[in-house]
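What follows is a single structure, written as structure tokens, with notes after it.
The values are calculated or read from the model by the stated rules, or taken from the named source; none is laboratory data. This one's a predicted model, so the numbers in the text were calculated from it and none came from an experiment. When we count neighbours, we look across all protein chains shown, and the Cβ atoms used for this are built from the backbone with ideal geometry, even at glycine.
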């Protein structure tokens with residue numbers, strides 16, 4: 001199915017809801033609320049009494065209105081969820097990678113478990129997340145961060161990750177020997193994370 005057809009299909013529920021609202025408010029012959037006249041106009045005869053009642057127009061309007069709101073909310077949430085450029089903070093990205101790789105029975109996840117409670121993190125969980133953050137860099141996933149005091153994201157040169165370590169569950173990156181973070185609020189785009197996890201599921205030869 002072409003992208004244009006998929007886009008049109010996404011608009012269909014909203015169009016139907018809007019049409020119901022309009023038909024419930026405007027009759028085919030006069031600008032009055034008259035849903036039953038529309039039904040007869042398209043060939044539907046012998047309508048039940050409740051459908052021919054004036055009160056049904058208000059019900060049709062509100063059903064269409066509520067349907068339109070639900071469709072709009074679904075569309076917004078769906079787009080927010082699948083936006084490929086949406087940035088996912090590294091702690092969340094590392095958690096997602098660990099969850100999916102563990103469910104897959106990948107060596108990446110079992111290797112990450114070895115860092116639970118290690119010196120790598122302040123807590124058992126952080127050790128796992130810091131390993132996963134580092135593992136994502138070995139898979140060359142594009143990462144973004146803010147270079148203090150800047151508040152703007154910039155793509156981080158992969159060579160940078162050879163000069164230091166992640167902290168704060170992967171949210172910050174320090175150069176070796178420095179007391180202040182080189183990058184903060186480190187994140188990865190949703191589409192890049194999805195592709196990288198899929199690749200890690202198929203190849204765990206670099207897990208160590």
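May I ask you to say which residue of 206, 151, 147 is at pLDDT 95 or above and over 14 Å from residue 90 (Cβ atoms)? On inspection, the qualifying residue turns out to be 147.
Between 207, 187, 198, which is farther than 22 Å from residue 116 by Cβ and in contact (Cβ under 8 Å) with a residue 40 or more places away in the chain? Quick ask: steps written out before the conclusion?
On the way: 207 fails: farther than 22 Å from residue 116 by Cβ; 198 fails: in contact (Cβ under 8 Å) with a residue 40 or more places away in the chain.
That would be 187, the only listed residue that is farther than 22 Å from residue 116 by Cβ and in contact (Cβ under 8 Å) with a residue 40 or more places away in the chain.
Residues considered: 154, 160, 126. Of these, the only one that is assigned to a helix (DSSP H, G or I) and surrounded by fewer than 17 Cβ atoms within 10 Å (Cβ to Cβ) is 160.
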